[in-house]
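Below is one structure; the comments refer to it alone.
The values are calculated or read from the model by the stated rules, or taken from the named source; none is laboratory data. Note that the structure is predicted; figures quoted are calculated from it, not measured. Don't worry about glycine lacking a Cβ; one is built from the backbone with ideal geometry, like all the others, and counts go over all protein chains shown.
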Amino acid sequence: MTPRVFRNSGPWIGRARDWSLGGILLAMVVAGVALTLGWGPVLAPWQTLTPAKLLLPVALTALSYCLRGIRIHDYFRPRLRGHFPAVLRLSVLHTTANNLLPMRAGELVFPWLMGRYFGHGFLTATASLVWIRLLDLHFLGLLGILLLWLRHPTWLWSLAVLPWLLLLPIMSRLGHRQLSSQGQLGKAFRLMTDTAPASALKALRIYLWTALIWISKLLAFALVLRYFLEAEPWEVLLGVMGAELSSVLPFHGIAGSGSYELAVMTALLPLGIDAAAALAGAVNLHLFLLGVTLLLGMLAFLLPVRGDKQVTDPKPLNYTTNIP
């Protein structure tokens with residue numbers, strides 16, 4: 001049986017079932033807010049939110065997008081040297097797709113654009129994205145431990161921080177082990193080891209970019225959420241982190257509807273935050289996210305892209321792009 005081959009004509013943006021489930025989640029959120037709180041009271045605070053108050057959160061969010069582009073440029077250096085505008089465009093469009101498409105289908109935009117803009121292999125780009133996502137999750141976990149320490153300051157949290165930090169060198173070491181490529185599992189491990197950051201120094205740089213990305217984004221979203229929700233700063237940050245962790249859930253509605261609000265409320269309700277206030281804050285934070293996503297996504301199309309795909313790869317990875 002001939003395997004299907006991934007083609008660069010366009011990204012796979014989700015099955016009909018994904019869009020159906022995403023549409024159901026979106027309809028449930030719209031109807032749920034209308035029946036419980038009412039859209040008028042939920043949106044009322046926007047009338048007093050001046051553009052000046054939104055300037056800093058928007059700027060910090062845009063900074064996080066730029067830092068994502070720098071991280072990708074650094075990760076694939078020297079392959080992408082001299083192509084930063086195209087890399088930034090790729091990064092912003094990838095993030096935009098992640099925020100808008102259902103059931104994590106937006107992740108496939110990254111390897112598709114890597115192939116379209118730079119002739120990069122689909123599977124190698126996907127494996128590299130897995131490493132980047134692992135670093136994202138690690139830093140968010142580190143922040144989670146810090147927020148728990150802020151809630152209950154005790155030296156016992158250091159017992160959790162130390163092994164968590166030790167995961168970084170362990171990941172780096174595993175990423176450079178020479179493994180047999182026999183069988184499908186062996187080939188998958190080989191692919192992961194070959195696409196890991198090339199050195200400990202490079203892994204550290206990528207992690208520092210990751211930290212700056214999340215600090216700027218979480219700070220921006222915390223400023224917005226605190227405008228709509230009366231809570232302590234660390235409680236607001238915990239709610240924002242819950243929202244961002246919703247991005248790893250497989251059940252992700254159209255534009256993140258449903259899963260985003262549920263994640264915020266899951267983080268806030270155990271802290272004693274009123275459910276209605278938490279829901280209203282989550283909805284308005286989500287609206288801010290979608291507004292900035294659409295704005296920056298449209299601006300990304302203004303960035304130039306070279307159409308010749310002449311990118312030099314000093315160490316090409318010859319992996320088949322067949323998809324079972």
Exercise. Please go through the range 67-111 and pick out each residue that is within 26 Å of HIS286 (Cβ to Cβ), small (Gly, Ala, Ser) and surrounded by 21 or more Cβ atoms within 10 Å (Cβ to Cβ).
Key: GLY69, SER91, ALA97, GLY106
Quiz item: Got at least one residue in the range 110-125 being touching a residue at least 60 places away in the same chain (Cβ under 8 Å) and within 30 Å of LEU271 (Cα to Cα)?
Solution: no
Quiz item: Does the range 254-269 include one or more residues that are at negative phi, in contact with a Pro (Cβ under 6 Å, 6 or more places away or on another chain) and modelled with pLDDT under 90?
Solution: yes
Practice problem: Output the number of residues of the range 171-190 satisfying the condition of being modelled with pLDDT under 70, outside any loop (DSSP other than H, G, I, E, B) and more than 18 Å from LEU135 (Cβ to Cβ). | Solution: 1
Self-check item: Candidates LEU148, LEU135, filtered to the one that is out of contact with any Asp or Glu (no Cβ under 7 Å at 6 or more places or on another chain), in contact (Cβ under 8 Å) with a residue 60 or more places away in the chain and closer than 29 Å to LEU287 by Cβ
Solution: LEU135
Exercise. Test TRP149 against the criterion of being out of contact with any strand residue (DSSP E or B) (no Cβ under 6 Å at 6 or more places or on another chain), of a type in the set (Phe, Trp, Tyr) and not in a helix (DSSP H, G or I), and give yes or no.
Key: no
Exercise. Return a yes/no flag: does the range 257-274 have any residue that is farther than 22 Å from LEU93 by Cβ, surrounded by fewer than 19 Cβ atoms within 10 Å (Cβ to Cβ) and of a type in the set (Val, Ile, Thr).
Key: yes
Exercise. Scan LEU135, LEU147, LEU168 and give me the residue that is in contact with a Phe, Trp or Tyr (Cβ under 6 Å, 6 or more places away or on another chain) and either of a type in the set (Ser, Thr, Tyr) or at pLDDT below 85 (or both).
Key: LEU147
